[in-house]
Amino acid sequence: MMVVTVPKLRQKTLGAFACTALLILASGSASADENENEGILGTGEGNESRSDGLHAEANRVERNESGNLVSVDWSIANETDSDLALTWLYEQETYTYNGNFYSGVTAVDSETDTRYHPLMDQAGECVCAGNISGQFYERVVSGGKSAYWSLFSVPSDVETLTLEVPGFEPIEDIPID
Amino acid sequence: MIVLVGCVINPEDESGDDGGDPDSSEDPPQEEQTDERGFIATSYTTSTQLGVNLEINVRPLELIDGEAVKLSMEVSNTSDGGYSLRDALSDTDNMHSASSATLIDAEEQSRHLNNELDDGSCYCTFADGELAAGESTDLEVMFPAPPEGTESMTVTTPITSPFFDIPIVESSESAGEEYTDGEILPLTLISDDEGGTGRSDQETDEELSILLSSDVLFDLESSDLTSDADEIIEQVASEIDQSSSDTVTVEGHTDNQGTDAVNDPLSEERAESVESALAEQVTRDDVTFETEGHGSSDPVADNDTEEGQELNRRVTVTFEK
């Protein structure tokens, strides 16, 4: 078998672009506005000694077109005088996800009293924020805010969720659509 | 507005067989139009020290040779200082690439991992070291394709929330390398009933595994079903009837308190109790049951906490959907 070798470290594209056939808008940039990143859909105060002086925010909720996936962008704000590390969020009391993820962050549908855990793949990994990235930032500096995310699968007729971040008051009535 | 001819896949037709399609009445590609830079989606923010000052822009996915899908993204450092990508988007063997990006097939409920070259490395492109302030780099990753006709997939990265519904367009280019397909992993959806039944569901596209809390089904150390168990068992039986499965597996588990000499037989007896009750209620003739006791050998949660121990005390009923 002939093996084709290429200097992969310097490879810039995986083949020439032969296809650029897409409708291109002259305006209406898709890039994120600063405004978009300041959305706050609800907050929950830290309710344990290790989260004292912190609060959790739900910032954005998105649902896919077929309605079965819901992602939540959420963050932790630090109003104390010290920088803190959110290492307790890796703790997994239930459902042993494989690896260091913020897998304890769950979504509750209060209409049906159902708690949704973030998606798990067959390798046991959480489809949610976690330090599989070497640059995952688990710290929140004094006066700062750090952003995270979670992915849930929720029936398409669910209209609001409560986001539960361990160590914080539940963030209730977050609208999905 | 410029329209280029070429390789757009079939204009969106509402032939999707998955229900729950929102009643959107807009013209077909309205939600899927790219901006002037060819991007169709932008990250909200990132879970890195740069936060919103690291930006990821995603282009439509490209179907290559009908067998692979190419993800193309631009990563931009919009901060005031330099930033080295390193393993922000990758594992440590493939630094400066986006090898940790994955594609989710929402219809199949599965997750595609990247294709690999013959030396085991990611079939990816790599950035050249540090991104200076204001600098961007393009990154590409190859994945196994979803089933034919799949119109879009969700893109995940470790540091951003997912990019939903990224359309797949056909490309006339071919893969330039020999590669092996990345894994396609089923996704499990996990939900708990908080209304007192003690039931949790773990569901993949093909299979449902119902975890029933032993604390609700049985009295302490007993394998006789309580009266609370009736309604719970009835519900499970009706779901078995509605499924396409001909085999139902019932398994008993305990937490790690006490000895194997007690836990092993108890878990087996409890599985048998649930199996008998189910067999009475299930109306289909062609269902067979298998039972097994696992004692404490297969926990699903951390036995060091009360909550975890409670979850480990369970009987699971598993069958194909």
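Within the group B:THR283, B:THR288, which residue is under 14 Å from B:ALA237 (Cβ atoms), surrounded by fewer than 17 Cβ atoms within 10 Å (Cβ to Cβ) and under 33 Å from the mean Cα position of the chain (by Cα)?
The match here is B:THR283.
Exactly one of (1) in contact with a strand residue (DSSP E or B) (Cβ under 7 Å, 6 or more places away or on another chain); (2) free of Cβ contacts under 8 Å to residues at least 60 places away in the same chain is unmet by B:ASP228. Its number?
Only one criterion in (1) in contact with a strand residue (DSSP E or B) (Cβ under 7 Å, 6 or more places away or on another chain); (2) free of Cβ contacts under 8 Å to residues at least 60 places away in the same chain is unmet by B:ASP228, namely (1).
Quick one: which strands (runs of 3 or more DSSP E) lie wholly within region B:26-116 and hold at least 1 residues that are in contact with a Phe, Trp or Tyr (Cβ under 7 Å, 6 or more places away or on another chain) and either surrounded by fewer than 17 Cβ atoms within 10 Å (Cβ to Cβ) or among the β-branched types (Val, Ile, Thr) (or both)?
Because the criterion is at least 1 residues that are in contact with a Phe, Trp or Tyr (Cβ under 7 Å, 6 or more places away or on another chain) and either surrounded by fewer than 17 Cβ atoms within 10 Å (Cβ to Cβ) or among the β-branched types (Val, Ile, Thr) (or both), the strands (runs of 3 or more DSSP E) in region B:26-116 that meet it are B:54-58, B:68-77.
Would a scan of region A:169-176 turn up a residue that is in contact with a Pro (Cβ under 9 Å, 6 or more places away or on another chain), surrounded by 15 or more Cβ atoms within 10 Å (Cβ to Cβ) and assigned to a strand (DSSP E or B)?
Checked against the condition, which is being in contact with a Pro (Cβ under 9 Å, 6 or more places away or on another chain), surrounded by 15 or more Cβ atoms within 10 Å (Cβ to Cβ) and assigned to a strand (DSSP E or B), region A:169-176 yields no hits at all.
Counting only residues that are at the interface with chain B (Cβ under 9 Å from one of its Cβ atoms) and under 21 Å from B:SER47 (Cβ atoms), how many does region A:106-118 have?
4
Mind checking whether some residue in region B:137-144 is more than 9 Å from chain A (Cβ to nearest Cβ) and part of a loop (DSSP other than H, G, I, E, B)?
no
Limited to region B:32-89, what total is found for residues that are farther than 23 Å from B:PRO167 by Cα and of a type in the set (D, E, K, R)?
3
Here's the yes/no breakdown for (1) closer than 16 Å to B:PHE289 by Cα; (2) touching a helix residue (DSSP H, G or I) at 6+ places or on another chain (Cβ under 7 Å):
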position	(1), (2)
B:ILE210	yes, yes
B:LEU220	no, no
B:SER223	no, yes
B:THR226	no, yes
B:ASP230	no, no
B:GLN235	no, no
B:ASP241	yes, no
B:ASP246	yes, no
B:VAL250	yes, yes
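When you go through A:SER133, A:SER153 one by one, which is the residue that is surrounded by 18 or more Cβ atoms within 10 Å (Cβ to Cβ), at negative phi, small (Gly, Ala, Ser) and touching a Phe, Trp or Tyr at 6+ places or on another chain (Cβ under 9 Å)?
A:SER153
Does B:MET153 count as outside any loop (DSSP other than H, G, I, E, B) and farther than 29 Å from A:TYR95 by Cβ?
no
Let's see how each residue does on (1) surrounded by fewer than 20 Cβ atoms within 10 Å (Cβ to Cβ); (2) farther than 30 Å from B:VAL69 by Cβ:
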{"site": "B:GLY198", "(1), (2)": "no, yes"}
{"site": "B:LEU208", "(1), (2)": "yes, no"}
{"site": "B:GLU231", "(1), (2)": "yes, yes"}
{"site": "B:GLU234", "(1), (2)": "yes, yes"}
{"site": "B:GLY258", "(1), (2)": "yes, yes"}
{"site": "B:ALA271", "(1), (2)": "no, yes"}
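List the pairs whose first member sits in region B:57-77 and is farther than 15 Å from B:ALA41 by Cβ, whose second member is of a type in the set (Phe, Trp, Tyr) and assigned to a strand (DSSP E or B), and whose Cβ atoms are under 6 Å apart, counting only residues at least 6 apart or on separate chains?
As it stands, the answer is B:VAL69/B:PHE143; B:ASN77/B:TYR83, since those pairs meet every condition given.
Taking A:GLY104 as meeting all but one of (1) in contact with a Pro (Cβ under 6 Å, 6 or more places away or on another chain); (2) more than 23 Å from B:GLU306 (Cα to Cα), write down the number of the exception.
(2) is the only condition that A:GLY104 fails.
One line per residue, one yes/no per condition, for (1) without any contact (Cβ under 8 Å) to a residue 40 or more places away in the chain; (2) closer than 23 Å to B:PRO299 by Cβ:
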position: A:ALA85; (1), (2): no, no
position: A:TRP88; (1), (2): no, yes
position: A:GLN92; (1), (2): yes, yes
position: A:SER110; (1), (2): no, no
position: A:PRO118; (1), (2): yes, yes
position: A:CYS126; (1), (2): yes, yes
position: A:ALA129; (1), (2): yes, no
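Do we have any residue at all in region B:182-191 that's farther than 28 Å from B:ALA145 by Cα and not hydrophobic (A, V, I, L, M, F, W, C)?
yes
Results for (1) in a helix (DSSP H, G or I); (2) over 23 Å from A:LEU119 (Cβ atoms); (3) under 24 Å from the mean Cα position of the chain (by Cα), shown as yes or no for each residue.
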| site | (1), (2), (3) |
| --- | --- |
| B:GLY196 | no, yes, no |
| B:ASP201 | no, no, yes |
| B:ASP215 | yes, yes, no |
| B:LEU220 | no, yes, no |
| B:SER223 | no, yes, no |
| B:GLU231 | yes, yes, no |
| B:SER238 | yes, yes, no |
| B:SER244 | no, yes, yes |
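Values in this text are rule-based calculations from the coordinates and carry no lab data. This structure is a prediction, so every number in the text was calculated from the model and none was measured. FYI the Cβ positions are ideal-geometry reconstructions off the backbone, even for glycines, and counts take in every protein chain you see.
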